[in-house]
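Values quoted throughout were computed directly from the atomic coordinates according to the rules given, and no laboratory measurement underlies them. The model shown is predicted, which means the values in this text are computed figures rather than measured ones. With ideal geometry, Cβ positions are generated from the backbone for all residues, glycine too; neighbour counts draw on all protein chains shown.
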Amino acid sequence: MATLEDLGFPEPAPDDGRRPARVASVHSVRVDVWTTGGPVQASLRSRFLRIDGGVAVGDWVLLGATEDVVEEVLPRRTVFLRQAAGERSEPQAIAANIDRVFVVTSAEDWNLRRLERYLVAIGAGGAEAVIVLTKADLTTDVETTETVAPQIITSARTGAGLDVLRARIPRGTTVAFVGSSGVGKSALVNALLGRDAQLEGAVRAHDGKGRHTTTRRELFAVPEGGLLIDTPGMRELKPWLPDGEVDDAFEDVMSLAEQCRYRDCKHEAEPTCAVRAAVESGTLPADRLDAWRKLGHEGRSQVDKSKERIANVAFRKRLREKDR
């Protein structure tokens, strides 16, 4: 039977009879939760449905003393957020209270621009980012990314790198696995769990990629280790950036920026710009600077849209109150 420490609870249990529980999966107005007494399915009050991107796997909640009803969602230590689908600028919570996020990508499907988006989202939510390369047994040409995030090279087929991954999921910690569809995430999760917890799609013959199989976000216990949150593959990731900042994912650009003449240098036409000088000399790839600019623009646009949405909601509220 799990203890609160096993589940990663960050503080003493409340003394008012309410029961701490960890969200293991979400089903609209109900959630599967883990408690020290075992798994429970609890009702979710409507006021929690849209809070901070919605209740997410990994959230800590307090259940009633006698009823399996969520009475409170506790503040998050960290969170992985993305912009919700559609035109509205609002967040969607993918995983909460995570110590690190494993960004899974196939060694055969390397894409730095895509990885940068994950690193920006992870940095904004406060967790540690680790890049996990899968299917290393299928290629001898493996990219390295230690300059942007720690990297672990793995193969679910041969077992390469699995011990390194397990060492990053010790008891009392929680990690999330995220990545595109078909990169071998389910096979890696099954290998870590020692059982077929997730369906694995057959590899397509024409391009060697797997089919998308994970259909929902779910919490698992790693044998003799911590907790693991598996997530469905994402075709496109738009990081949710409430403060518009992307700098944490671009330490190479930011370290150069410290050498610019002007503190507010935009790295465009200002004189004595160390960042542009590095691009011109080939020390910094030009597309790396372009990615920083593009993601920064998306972040600032999100902030503007969010402010506009909040102002519109407040305006409509004042109109309703006036009409009463």
Practice task
Using the number of other C-beta atoms within 10 angstrom as an exposure proxy, rank Val183, Val26 with the fewest first.
Solution key: Val26, Val183
Fill in the blank from the handout: So Ala13 and Gln92, fully extended at 0.36 nm per residue minus their Cα-Cα distance, gain in nm 25.6 nm
Problem - Chain lengthening between Ser28 and Glu280 when straightened (0.36 nm per residue, less Cα-Cα) - result: 85.5 nm
Fill in the blank from the handout: Fewest to most Cβ atoms within 10 Å: Thr134, Thr158 sort as Thr158, Thr134
Practice task
Along Cα→Cβ, 7 Å out, is where each label goes; now give me the distance between the ones at Ser181 and Arg47 in nm to one decimal.
Solution key: 3.9 nm
Handout entry: Rg over Rh, two decimals, region 69-141 (C-alpha only, Kirkwood Rh)
Key = 1.09
Completion exercise
Exposure-ranked with fewest Cβ neighbours within 10 Å first, Ile122, Ile131 stand as Ile131, Ile122
Handout entry: Inter-probe distance in nm under a simple model that places probes 7 Å from Cα toward Cβ, at Ala65 and Asp6
Key = 2.7 nm
Completion exercise
All alpha-carbon distances of region 4-75, grouped into 10 Å bins from 0, give the whole-percent distribution 21, 60, 19
